Amino acid sequence: KRVEFKVGHGKVAILESNRQRKDGSLVNVSIFAYPIMLGSVMHGIYAIYVDITEHKRSEKKLNYIATHDSLTGLPNRVYFENRLTLEVELSQRNNQKFALLYVDLNDFKKVNDELGHAVGDALLKQVAGRFTELLRKSDVVARIGGDEFVLLLPETSKEKEIHKIVKKFFKAFEEPFVVQDHKIYVNLSIGGVIFPDDGTDIVT
């Protein structure tokens, strides 16, 4: 309908869409639609379909690389800051609060120094997995530094809720990680804030 409306007014319509192949699979296409004119009267539409499936796949892959940590697969600082900006806007619009947790792995440098960076990297992957298991679907965890993580908790608005979540994390990390036959215990340092009680802008 959008194509017909635009072409019906004598304009060339360019848009992207999904189309179904004969085998039922979907293909991403770019559509170029032109009016067929006889004098001042439009008698039809001439459309060119270009398969852009591979282009879309590459675009999606590049976007993922740009917004996710290559080691753990978690969102990176770029993704997190964009999501946090959106969360601030939603919070201000709907008068709702949310919480942030800053998590640091204590003495992580010692793991790299004593067991090697390969073990350290493998440990970070397991830590990221444990974080993900502990969070709700609405929560976001991002790796923003070597052993630094930030958690966005949209549905958390009270200090006692933060204490409950932090307690759950400490309990979960009492269980050691096993990496290349090494049993490694990870201690966490966690700080929590509530927006807008503890600051009204992202930097704060």
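The values are calculated or read from the model by the stated rules, or taken from the named source; none is laboratory data. Please read these numbers as outputs of a predicted model, since none were measured by experiment. Cβ coordinates were reconstructed from backbone atoms using ideal geometry, including for glycine residues, and neighbour counts include every protein chain displayed.
Among all residue pairs at least 6 apart or on different chains, which show Cβ distances below 7 Å where the first residue, located in the range 12-41, is more than 23 Å from residue 56 (Cα to Cα) and the second is exposed (fewer than 10 other Cβ atoms within 10 Å of the Cβ)?
36/43
Looking at 111, 141, 150, 103, which one is crowded, with 19+ Cβ neighbours inside 10 Å, assigned to a helix (DSSP H, G or I) and touching a Leu at 6+ places or on another chain (Cβ under 7 Å)? Working first, answer last.
Values: 141 fails: assigned to a helix (DSSP H, G or I); 150 fails: assigned to a helix (DSSP H, G or I); 103 fails: assigned to a helix (DSSP H, G or I).
Result of the check over 111, 141, 150, 103: 111.
Answer with yes or no whether residue 171 is surrounded by fewer than 19 Cβ atoms within 10 Å (Cβ to Cβ), part of a helix (DSSP H, G or I) and at pLDDT 95 or above. Break it down into steps so the answer makes sense when it comes.
Values: surrounded by fewer than 19 Cβ atoms within 10 Å (Cβ to Cβ): yes; part of a helix (DSSP H, G or I): yes; at pLDDT 95 or above: yes.
So residue 171 fits the description; yes.
Yes or no: residue 186 more than 19 Å from the chain's Cα centre (by Cα), under 20 Å from residue 71 (Cα atoms), touching a residue at least 40 places away in the same chain (Cβ under 8 Å) and part of a loop (DSSP other than H, G, I, E, B)? Before the answer, list the steps.
Details: more than 19 Å from the chain's Cα centre (by Cα): yes; under 20 Å from residue 71 (Cα atoms): yes; touching a residue at least 40 places away in the same chain (Cβ under 8 Å): yes; part of a loop (DSSP other than H, G, I, E, B): yes.
Judged against the criteria, residue 186 is a match.
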